[in-house]
Amino acid sequence: MGLLDIFKKNKQREENYNISPVLPESIRQSAVLDLKDIIAPSALDIKPKYIDLGEKMSKTFFIISYPKFISDGWFSGVINLDKEFDVSIFINPIDTEFALRKLQKKIAEVQSQIIIRENKGMVRDPSLDSAYQNIEELRDKLQQSIEKLFSVGVYITIYGKSEKELSKLENEIKSLLESKMIYVRPAIFQQAEGFKSTMPLNKDLLGVYSKLNSETLASIFPFVSFNLTSDNGILYGVNRHNSSLVLFDRFSLPNYNSVTFATSGAGKSYAAKLEILRTLMFDTDVIIIDPEREYEYLAEAIDGRYFNISLTSNHHLNPFDLPPVREDESPATILRNQIVSLVGFFRIVFGGLSPEEDAMVDKAISETYALKDITPESDFTSIEPPLLSDFEMVLSGMQGTSKLVSKLSKYTRGSWSGFLNKPSNVDMDRKVVVFSIRDMENDLRPIAMFLITHYIWNAIRRTLKKRLLVIDEAWTMMRSDDAASFLFGMAKRGRKYYLGLSTITQDVGDFINSPYGVPIITNSSMQILFKQAPSTINKLQEVFNLTDEEKNLLIGAGVGEGIFFAGTKHAAIKVIASYTEDQVITSDPSQILAIRKQKRMKI
């Protein structure tokens, strides 16, 4: 019988008698995995100044000294660092009677030193007098149970992939604390004890304490993190540092403007629509310039108006429309400003003007208005404004304008005549109004953007109301200096008319390189940065003074993640919508089709 036959025979016996091999208890116990075996590194190398954990290194240090006066939130700078570290705070109350005895002894010592100096005729030491007063004040508060004393140990363990990275983070934390006169020291030759002390085991193996009263201790705990939570406003998202809510009211800032930068698909339009939806709850009218028909479903869902501005559309805007004359303005001022704006408009239409042509266009505009009895001295409130064909007629009667008339003919009689040469028939009497230019030819988009913003500005000046104007893909306007200048003017003057301007763009280069790009940013109290491309992040870092950590955060951000700036505050943010909100503001084509299908089935 061979070995194979013997093995088969024994195996059959085990199966027949249900025999299973039994291991000794010691061997079985040694093979059982504990939680510590799973999470612990394979090996540790404990050095005097750090611990090598394999893929990472750790270093622990502790706070040894506090200043005489300390402000609330002094630890927030450390807590909000976008780094990996652990913090442990051990608080041990000191018996009040024991503390009073110690203070009584300390008072006697200080008082004795003061008397000895007086007897020797020495100059008074202000530090001794101050110490005496502080001890007396603390003793009074302890006796009245206003304050209590605690032994407090604060330990920080930092992590890095190399000694250089550890040293950089240590210096960063030291500089933050030492700027507030708070000093730290590394746990030299006690790194193992320090590492264990910052683990969630509630074991203090370092025992480095400072005596703190209740008021000073309260400045440490609970942690104070950067937050943008206010009593009023809307929810913009969740603070990624501490999971607090980012609640803010743009109309509480010095100006009501915002800029949003993001790459395509980073969630900028989604965030804009979410803000629009929530802003409506505070009786705010919203006007939107939509370049890609992304806001159509939103307008439909909340009973707004949606105007499609294109060559074949039934919706028209007349560039010669005049705003109403307010009580604090004169007709001459209104007409002059309108003529200046129209000269800028025709610079875009004609692709630029020479100084001579600029002067001729200026004169032709004035004469075109005069044909309709619209002059600086007249009341033109109820007068029908001229059309582009009237301007063409006046321009053709002037010498040296043949080239301009030839260019203008395609807007009055050519293939583009249905765009500009008709009276306005757009009614903006809803809470949400959307102007879409998706179907407009690319060559005409800058003209359409300028015309729409000009028309909106006139409507805003007509009645004083709380409004938000959202301009998506604003880089289209920034390509033209005249359009960018008009946009900058709205950013500067909007506050006077209770207008918040929200400028959104994915082409950071075109926006910032414009001479009006950075001024628009500086005139916007709110800025939102979502995911950025590596090719543009350096420009943004320079404009927004981003740290290297914030720069890396934007490069690696997910959809709806970024940095939210409001005034002097900023925080990492994640935009979150409820299910119902998501159904209204989604831009995902598959979701929109599914929603429309459900509606048809219900009908």
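What follows draws every value from the coordinates through simple rules; no lab data is involved. The structure displayed is predicted, hence computed values, not measured ones. Cβ coordinates were reconstructed from backbone atoms using ideal geometry, including for glycine residues, and neighbour counts include every protein chain displayed.
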So I have [x] 22.9, 79; [y] 35.8, 126; [z] 26.0, 87, and one of them is Rg and Dmax of the Cα atoms in Å calculated from this model. Which one is it? [y]
Beyond a 25 Å Cα-Cα separation, which of these cross-linked pairs lie in this structure: LYS59/LYS531; LYS551/LYS574; LYS56/LYS196; LYS180/LYS211? LYS59/LYS531
Sort 150-157, 178-185 for me by packing, meaning the mean count of neighbouring Cβ atoms within 10 Å per residue, highest on top. 150-157, 178-185
Karplus 3J(HN,Hα) series, Hz, for the stretch 479-494 with 6.51 cos²θ - 1.76 cosθ + 1.60 (x for Gly, Pro): 6, 10, 4, 5, 5, 5, 5, 5, 5, 5, x, 5, 5, 7, 9, x
Hey, what angle do you get for helix 534-544 against the long axis of the chain, alpha-carbon based, 0 to 90 degrees rounded to 10? 90
Residue order, fewest to most surrounding Cβ atoms within 10 angstrom, among SER175, SER269: SER175, SER269
Which FRET efficiency value, to the nearest 0.05, do you get for ASN545 and ASN92 by plugging their Cβ-Cβ distance into 1/(1 + (r/R0)^6) with R0 = 45 Å? 0.60
Can you work out the Karplus-derived ³J(HN,Hα) for every residue in the stretch 275-281? Use 6.51 cos²θ - 1.76 cosθ + 1.60 with θ = phi - 60°, whole Hz, and x for glycine or proline. 5, 4, 4, 7, 5, 4, 5
Charged-residue dipole, Cβ positions (Lys, Arg, Asp, Glu), the chain about Cα centre, Debye nearest 20: 1240
For ASP231 and SER162, FRET efficiency with R0 = 35 Å and r from the beta-carbon atoms, rounded to 0.05? 0.15
Based on the alpha-carbon gyration tensor of the stretch 77-118 and its eigenvalue square roots a ≥ b ≥ c, which shape applies: rounded if a/c is under 1.5, prolate if not and a/b is larger than b/c, or oblate? oblate
Excluding residues on the same chain fewer than 8 positions from LYS105, give the aspartates and glutamates whose Cα lies under 14 Å from its Cα. GLU97, GLU136
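Using the Cα atoms of the stretch 95-147 to build a convex hull, what is its mean projected area in square nanometres?
3.5
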Specify the angular offset, from 0 to 90 degrees and rounded to the nearest 10, of the alpha carbon long axis of helix 163-178 from the longest principal axis of the alpha carbons in the chain. 80
Farthest towards the positive end of the dipole of the chain, among ILE585, LEU371, SER354 and with Cβ unit charges of +1 on Lys and Arg and -1 on Asp and Glu, lies the Cα of ILE585
For the stretch 318-423, what does the equivalent ellipsoid look like in terms of its semi-axes, each the square root of 5 times an eigenvalue of the Cα gyration tensor, given largest first in whole Å? 24, 15, 12
Distance in nm between label sites at ASP52 and LYS105, each 7 Å beyond Cα in the beta-carbon direction? 4.7
Cross-link reach from LYS431 to lysines, straight Cα distance under 23 Å and at least 8 residues apart if same chain, gives LYS268, LYS273, LYS465, LYS466, LYS496
